[in-house]
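Here the structure is laid out as structure tokens; the discussion comes afterwards.
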Amino acid sequence: MFTIAVDVMGGDLGPRVAFRACATVLQNHPDLRLILPLETSLHIDAQKALSRFSDRVLIKPCQSHIDMADKPVRALRQGLSSSMGVAIQAHASGDAQGVLSVGNTGALMILSKRLLGTLGGIDRPALATQIPTRKQPLLMMDLGANLEMSPKQLAQLGLLAISWYRARGIMKPSIALLNIGKESNKGPEDIREAGKLLHRAAPECYAGFAEGDDVFNGDLHALICNGFAGNIALKTTEGLADWLTTMMADELSNSKSLRWLIPLWRHTIKRIEKRISPARHGGAMLLGVCGHVAKTHGKSDEKTIKYALEYLVKQTKTADQARLQSEFDRLQRGLNSPE
């Protein structure tokens, strides 16, 4: 049996949305067991929503939850007894193999670092997810955990991305830094310096700078940026993808000359929606911690939480943490060596 702890508290739409998502995932994965840390007032609702899977759901009591508006420092003062803290402690103790949270990103970062620790050499873990492109999935990070990062920290994320791919058998992934131009003299000084560090530590994988219009061409395996730029880029992409699928459907249904094509195009639109829908790519892994922690944004609906949980299950089952750490250690020596 495979176990995931799910922190359903703190999201904009409330925990009942997450209960329905959990029920769907439990139905799809007979080998999955869930731990749900909940305040007492929600125990009955959870038991009703998940009654079909009562033998595979453990409801653990918690005293509070961390709201989206709470400052991350609250996680240090009261976080251990919160739903998020209880979920991460279940992972740290080995009772769960991974954690999914819809809660506060800053608090998730602080509690994960405190309770799970970080991979040796990592200054700041980062949120990362794979988005679809023309040729292959693109791993983007950071997506909001660290708004500002030093050149060395950006370079560490590049090495972490390389290690992540090598742990999955891809030995020469193509890694780039998000910038406003491809020339070596373009962009902020911290990005230019990070590029120099990555070129020194992993010249066989570092592909230089990439601009925004390179994101979806499919030539890269990973794109590195700070959390401020990454979060804006991701949410802009999500908004555009949502608008495009809606626009295609509206054009077909509102045009008399095209309406007869709806039966022919319905399956095509569904396939496109399946590839680019933000809901299907809403789960982000917190890479760099000693464990498997995933985050989905606070406004996640039932579909988004479902796919985020499915993504975490897949990533956790295929991850090789020992090899990731070994690869990162080797690359880190190149980053720290004198020129």
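The values are calculated or read from the model by the stated rules, or taken from the named source; none is laboratory data. Quick caveat: nothing in here was measured; it's all calculated off a predicted structure. Note: ideal-geometry Cβ built from the backbone for every residue, glycine included; neighbour counts use all protein chains shown. SASA here: full protein model, heavy atoms, side chains in, ligands and nucleic acids out. Shrake-Rupley method; radii C 1.70, N 1.55, O 1.52, S 1.80 Å.
With the condition kept exactly as written, say whether any residue in region 45-61 is out of contact with any helix residue (DSSP H, G or I) (no Cβ under 6 Å at 6 or more places or on another chain) and part of a loop (DSSP other than H, G, I, E, B).
no
Applying the selection to region 147-157, what residues are part of a loop (DSSP other than H, G, I, E, B) and either without any contact (Cβ under 8 Å) to a residue 40 or more places away in the chain or surrounded by fewer than 24 Cβ atoms within 10 Å (Cβ to Cβ) (or both)?
Applying the first criterion (part of a loop (DSSP other than H, G, I, E, B)) to region 147-157 yields 147-150.
Correct list: L147, E148, S150.
In region 24-43, which residues are touching a residue at least 60 places away in the same chain (Cβ under 8 Å) and outside any loop (DSSP other than H, G, I, E, B)? Show your work before the answer.
First, pick out the residues of region 24-43 that are touching a residue at least 60 places away in the same chain (Cβ under 8 Å): 24-25, 28-29, 32, 35.
If the condition is that a residue be touching a residue at least 60 places away in the same chain (Cβ under 8 Å) and outside any loop (DSSP other than H, G, I, E, B), then T24, V25, N28, L32, I35 are the ones that fit.
For L220, work out the one condition from (1) surrounded by 13 or more Cβ atoms within 10 Å (Cβ to Cβ); (2) modelled with pLDDT under 90; (3) not β-branched (V, I, T) it doesn't fulfil.
Of the numbered conditions (1) surrounded by 13 or more Cβ atoms within 10 Å (Cβ to Cβ); (2) modelled with pLDDT under 90; (3) not β-branched (V, I, T), the odd one out for L220 is (2).
H297 versus (1) under 12 Å from the mean Cα position of the chain (by Cα); (2) modelled with pLDDT of 85 or more: which is the lone unmet condition?
If we test H297 against (1) under 12 Å from the mean Cα position of the chain (by Cα); (2) modelled with pLDDT of 85 or more, just (2) comes out false.
Which members of region 99-129 meet the condition of being assigned to a loop (DSSP other than H, G, I, E, B), over 16 Å from the mean Cα position of the chain (by Cα) and touching a residue at least 40 places away in the same chain (Cβ under 8 Å)? Break it down stepwise before answering.
Keep residues of region 99-129 that are assigned to a loop (DSSP other than H, G, I, E, B), which gives 102-104, 117, 119-125.
Next, from what is left, pick out any that are over 16 Å from the mean Cα position of the chain (by Cα): 117, 119-123.
If the condition is that a residue be assigned to a loop (DSSP other than H, G, I, E, B), over 16 Å from the mean Cα position of the chain (by Cα) and touching a residue at least 40 places away in the same chain (Cβ under 8 Å), then G117, L119, G120, G121, I122 are the ones that fit.
Identify, from the list R192, R200, the residue that is open to solvent by 10 Å² or more (accessible area, probe 1.4 Å), modelled with pLDDT under 95, more than 30 Å from T296 (Cβ to Cβ) and not in a loop (DSSP other than H, G, I, E, B). Walk me through it before giving the result.
Numbers: R192 fails: modelled with pLDDT under 95.
Matching residue, one of R192, R200: R200.
Going by the conditions given, is R114 surrounded by fewer than 18 Cβ atoms within 10 Å (Cβ to Cβ) and within 30 Å of F216 (Cα to Cα)?
On the way: surrounded by fewer than 18 Cβ atoms within 10 Å (Cβ to Cβ): yes; within 30 Å of F216 (Cα to Cα): no.
Considered against the rule, which asks whether it is surrounded by fewer than 18 Cβ atoms within 10 Å (Cβ to Cβ) and within 30 Å of F216 (Cα to Cα), R114 comes out as no.
Going through A21, A96 one at a time, which residue ends up being assigned to a loop (DSSP other than H, G, I, E, B), under 27 Å from T318 (Cβ atoms), of a type in the set (A, V, I, L, M, F, W, C) and open to solvent by less than 50 Å² (accessible area, probe 1.4 Å)? Steps first, answer last, please.
Working: A21 fails: assigned to a loop (DSSP other than H, G, I, E, B).
Checking each option against the conditions leaves just A96.
Take region 63-85 and flag every residue that is buried (at least 23 other Cβ atoms within 10 Å of the Cβ) and of a type in the set (A, V, I, L, M). Reasoning before the result, please.
So in region 63-85, the residues buried (at least 23 other Cβ atoms within 10 Å of the Cβ) come out as 65-66, 75, 79, 82-85.
Passing the criteria: I66, A75, M84.
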